[in-house]
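Enquirer: Let me give you the structure first, and then I'll get to my questions.
The values are calculated or read from the model by the stated rules, or taken from the named source; none is laboratory data. Just so it is clear, the structure is predicted and the values come from calculations on it, not from any experiment. Here Cβ is always computed from backbone atoms with ideal geometry, including for glycine, and neighbour counts include all displayed protein chains.
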Amino acid sequence: MSISGEGVFLQMNQARNMLEVRSINSFYGKAHVLRDLSFEAPTGEVIALLGRNGAGKSTTMKSVMQIVRTQSGDVFFKGQSITKLLPHKIAKLGLGYVPEDRRIFTDLTVIENLIVGQQPERIDAVKWTQEMLFDLFPNLAERRNNRGKALSGGEQQMLTIARTLMGNPSFLLLDEPSEGVAPIIVEQMAKVITQLKSEGLTILLSEQNLHFAQLVADRVVIIESGKQKFYGTLQEMNERPEIRNAYLAA
Amino acid sequence: MEFFIAQILTGLANASSLFLVACGLSLIFGVTRIVNFAHGSLYMIGAYTGYTLMQVLPGAIGFWAAIILAGLVVGIVGVLIEILVLRPVYRAPELFQLVATFGVILVIQDLALMIWGPQDLLGPRAPGLRGVVRILGEPIPKYDIALLIITPIIALALWYLMTQTRMGVLVRAATQDREMVGALGVNQAWLFTGVFALGSALAGLGGALQLPKGGADLLMDFNILAPVFVVVVIGGMGSLPGAYLAAIIISVLNVFGVTYLPQSTLVLMFVVMIVVLMIRPYGLFGREEVAGEHGQVGEPERPIKPASSVMRGIVVVLLIGFVFLPLGGSSYSLVFVTDMLIFCLFAASLHFLLGTGGLVSFGHAAYFGGGAYIAALLITYSETPMEIAFVLAPFGAGLTALAIGWVCLRLTGVYFAMLTLAFAQLVWSLVFQWGSVTGGDDGLVNIWPAEWLKPTVTYFYFVLILSVAGILLLRHVQHSPFGFALRAARDSHRQAEATGINTRQIQLIAFGFAGFMGGLAGAMFVFSKGSVFPNELEIARSFDALIVVFLGGVKTLAGGVVGAGFFKGLEETLLRFEYWRLLMGLLIIFIVIAAPEGIVGSLRKGAERIGLRRVENQ
């Protein structure tokens, strides 16, 4: 088995960065939302995407998934460009997307929601079963035959994560997991994220809650008006309070 | 009592086809958000295909195999329609996809005519099930008993598919949030195709199953649409148990209606529907429509502006051309332009409702034909002077619109659209069934204008002045505060309400106004032709108007008028061919795919591209 020089480089690069976002631009109609946004997600790390309301966090998530089509720039997943693919193809590569505002299927039961997310096993990721997910989210286990609309906000949030995990992703996009859920659930969320990281998942999560990001993140991207304002480790950000004061809500 | 039970059994047997077609429509709508107007056509193909197969395949096994094969064939036809026609337009605005399905209806009508000919085919009876069984002394056809057994089996199989298989779970999930299903790794394209195939196959099965009780003819595509829409609206969009229950209610009611009130079977159906909707606005098992919550598709609308000086110039030149037409043109061209002007006003009135009001009326012919019939009835029965009948007609049409609008506006979106179609069909069936008054199929004749208007040239000027005035008035209203309020109600119902706009009232007035204008067009029409027939009230007439508005461009003010002119010209050209529907259908499908902004929108874009027109920013 011979490996060319380029191949080795690519593999190393791939090993280092699971996701690379290179100066992407996204629009809603005529509104320019993301402007030359770039950042990377090193394999095995938790990256927090921080910014104020309307900074473009959710759009970044949707642009990676191509639910919002990027107009220019490129996104590489494990070294492969994914900007030309449709969302379902991207999901099949191992990107798991957890939307904000808990878009669970409210007419379906918890188990049925999980069935929708189900995908074949992948070599490079944990193979999740319903039982494993019920261990991870014990609240859901009790409610497995309830319809989505009967669940509490926190339970719905857990279900969106569990549903995406059923696709056995190696990379997780978590859009505002702590938004609008009770503090006790936020803590539980932080534990889950740490556990998922220890299982080998790379995670990009968008947050307004700095406290939550402090709990789980290795690295931070700060965006404002769709532009990248800071990219570095959590520690680097904490050493520069002026950044926090300028771009994040108090 | 025995008779009563026998009646119920017959009704249950009749519910079979209705249920299958309705639940196919419901399934397809749930996932693709497309009201598949061609669903009646699929039902028709099912009947014809089943008929042919039954001629070829022998015996009882052949008979049942023919029914199943007919379902499969129609399923494949559905796949072809989905892939060739609908896939290219999924990203277009929702309502534009409807026009594509109208195109499919036309194509299928002519294909059926080519293959099976114009004569009605009487369905063969089921081998081995020819006689009757006596239940409590009452004779029940054996085939009815077979249907009574088959339908619940199919319903159960569907229930199993939808609740116990992954495919069914995906379909239900996609009904709620298809974008999310895609983001979870499910290929939506194939899910859509699969659902379309299933829904089509059900329609085909329905068509083939009813053969021994009926047959196959070229009108069955439109004839099934109104009852199917009623069933879906009563049962609740997307609900299988709802469709089943509603089909049974309508069919049983129909059987009793035929016995006790033979003149009013169709009316009865609507009465039930209205009662159900008063109590449960989204049907027995339905849910409120949440379509459009994840943003609108397509480009943002351009702000409406008064016409530019160039546009005004073109319009003036065109009008001057019309004014001098009688000097140069033949009387044939006068009649043609008269027709065209009337149609332009009719289309403009629908365009006003649809474009400005966002109220998609699928039954606008009710007001056009209604106006025509009101004038004709007044002339025929009360010897009203023509001038008075002419003035009363639009008011009558407007009042009809207000009454229908009052019921329909309780609902929104697709429910509203289906209701308007169902009501238009009610008006049609009233006129059609009440032959002693309306002349039924023979129509009303000898409806001529007053002496002073009789000459073709005079009537031409009469129509020219009235239609141009009508179109200008519609345009004026669109630019008025009322027009703004109407658009506000269209774009954000809640926000408009919060601003203090009584949206329902505004929409009702708009509905009545559009009906008035449609009635005016109808009145001009009846006196130009001297007669009126029920086909002026048909679904096909409503669809003509809808096609015109979409072809012209919904989002452009001139869309209705330009589309109508184009359509009339096209019809004039195509009518020379034997299979003009086929050509028309193909052309419509082509335009939908190639020029999704309509004629006006595409012309404007083209002009911008080659620099004839400044690109507008915001």
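Enquirer: May I ask you to verify whether B:A243 is assigned by TED's automatic domain parsing to the domain that holds B:P124 and either in a helix (DSSP H, G or I) or farther than 28 Å from B:V74 by Cα (or both)?
Expert: no
Enquirer: State which residue is surrounded by the most Cβ atoms within 10 Å (Cβ to Cβ) when the search covers only the range B:438-464 and only residues that are of a type in the set (A, V, I, L, M) and more than 13 Å from B:A372 (Cβ to Cβ).
Expert: B:V463
Enquirer: Using the structure shown, decide if B:T356 is among the polar types (S, T, N, Q), farther than 23 Å from B:F543 by Cα and not assigned by TED's automatic domain parsing to the domain that holds B:V35.
Expert: The answer is no for B:T356.
Enquirer: Scan the helices (runs of 4 or more DSSP H) fully inside the range A:83-168 and keep the ones with 2 or more residues being touching a residue at least 12 places away in the same chain (Cβ under 8 Å) and more than 9 Å from every other protein chain (Cβ to nearest Cβ).
Expert: Values: elements: A:87-93, A:110-117, A:130-136, A:138-142, A:153-165.
Helices (runs of 4 or more DSSP H) meeting the threshold: A:110-117, A:130-136, A:138-142, A:153-165.
Enquirer: I would also like to ask the following. Filter the range B:160-185 down to the residues that are more than 7 Å from chain A (Cβ to nearest Cβ), aliphatic (A, V, I, L, M) and crowded, with 20+ Cβ neighbours inside 10 Å and list them by number. Quick ask: steps written out before the conclusion?
Expert: Of the range B:160-185, the ones more than 7 Å from chain A (Cβ to nearest Cβ) are B:160-165, B:167-168, B:171, B:174-175, B:178.
Among the residues that remain, those that are also aliphatic (A, V, I, L, M) are: B:161-162, B:167, B:171, B:174.
B:V171, B:A174 - these are the residues of the range B:160-185 that are more than 7 Å from chain A (Cβ to nearest Cβ), aliphatic (A, V, I, L, M) and crowded, with 20+ Cβ neighbours inside 10 Å.
Enquirer: Anything in the range A:200-246 that is crowded, with 17+ Cβ neighbours inside 10 Å, of a type in the set (G, A, S) and either in a loop (DSSP other than H, G, I, E, B) or touching a helix residue (DSSP H, G or I) at 6+ places or on another chain (Cβ under 7 Å) (or both)? List them, or say none.
Expert: Passing the criteria: A:S206, A:A217, A:G226.
Enquirer: Looking at the range B:31-61, which of the residues that are part of a loop (DSSP other than H, G, I, E, B) and either farther than 18 Å from B:L113 by Cβ or of a type in the set (S, T, N, Q) (or both) is nearest to the chain's Cα centre (by Cα)?
Expert: Restricting to residues being part of a loop (DSSP other than H, G, I, E, B) and either farther than 18 Å from B:L113 by Cβ or of a type in the set (S, T, N, Q) (or both), the top hit is B:F37.
Enquirer: How about the range B:275-306: which of its residues are loosely packed, with under 14 Cβ neighbours inside 10 Å, modelled with pLDDT of 65 or more and among the hydrophobic types (A, V, I, L, M, F, W, C)?
Expert: Across the range B:275-306, the qualifying residues are B:V275, B:M278, B:I279.
Enquirer: Looking at B:R33, B:R91, which one is among the charged types (D, E, K, R) and at negative phi?
Expert: Of B:R33, B:R91, the one residue that is among the charged types (D, E, K, R) and at negative phi is B:R91.
Enquirer: Please go through (1) over 17 Å from B:L184 (Cα atoms); (2) surrounded by 17 or more Cβ atoms within 10 Å (Cβ to Cβ); (3) under 18 Å from the mean Cα position of the chain (by Cα) for A:L172 and return the number of the only condition it doesn't satisfy.
Expert: With (1) over 17 Å from B:L184 (Cα atoms); (2) surrounded by 17 or more Cβ atoms within 10 Å (Cβ to Cβ); (3) under 18 Å from the mean Cα position of the chain (by Cα) applied to A:L172, the lone miss is (1).
Enquirer: What is the residue count in the range B:523-549 for residues that are closer than 18 Å to B:L421 by Cα and part of a helix (DSSP H, G or I)? Quick ask: steps written out before the conclusion?
Expert: First, the residues of the range B:523-549 that are closer than 18 Å to B:L421 by Cα: B:534-549.
Remaining after also requiring part of a helix (DSSP H, G or I): B:534-537, B:539-549.
Result for the range B:523-549: 15.
Enquirer: If you don't mind, another one. When B:Q507 is evaluated against the numbered criteria (1) without any contact (Cβ under 8 Å) to a residue 40 or more places away in the chain; (2) surrounded by 19 or more Cβ atoms within 10 Å (Cβ to Cβ), which criterion, by number, is the only one it fails?
Expert: (1)
So that you can scan it fast, the table gives a plain yes or no per residue for (1) without any contact (Cβ under 8 Å) to a residue 60 or more places away in the chain; (2) surrounded by fewer than 15 Cβ atoms within 10 Å (Cβ to Cβ):
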site	(1), (2)
B:I68	no, no
B:V73	no, no
B:E82	no, no
B:V89	no, no
B:T101	no, no
B:P124	no, no
B:G128	no, yes
B:I149	yes, yes
B:A155	no, no
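Enquirer: Do we find a residue being at pLDDT below 90 and under 28 Å from B:S239 (Cα atoms) anywhere in the range A:107-124?
Expert: Yes, the range A:107-124 has at least one match.
Enquirer: Can you find a residue in the range A:90-99 that is over 19 Å from the mean Cα position of the chain (by Cα) and surrounded by fewer than 19 Cβ atoms within 10 Å (Cβ to Cβ)?
Expert: no
Enquirer: Next question, about the same structure. Is it the case, given these coordinates, that B:G313 is modelled with pLDDT of 80 or more and among the small types (G, A, S)?
Expert: yes
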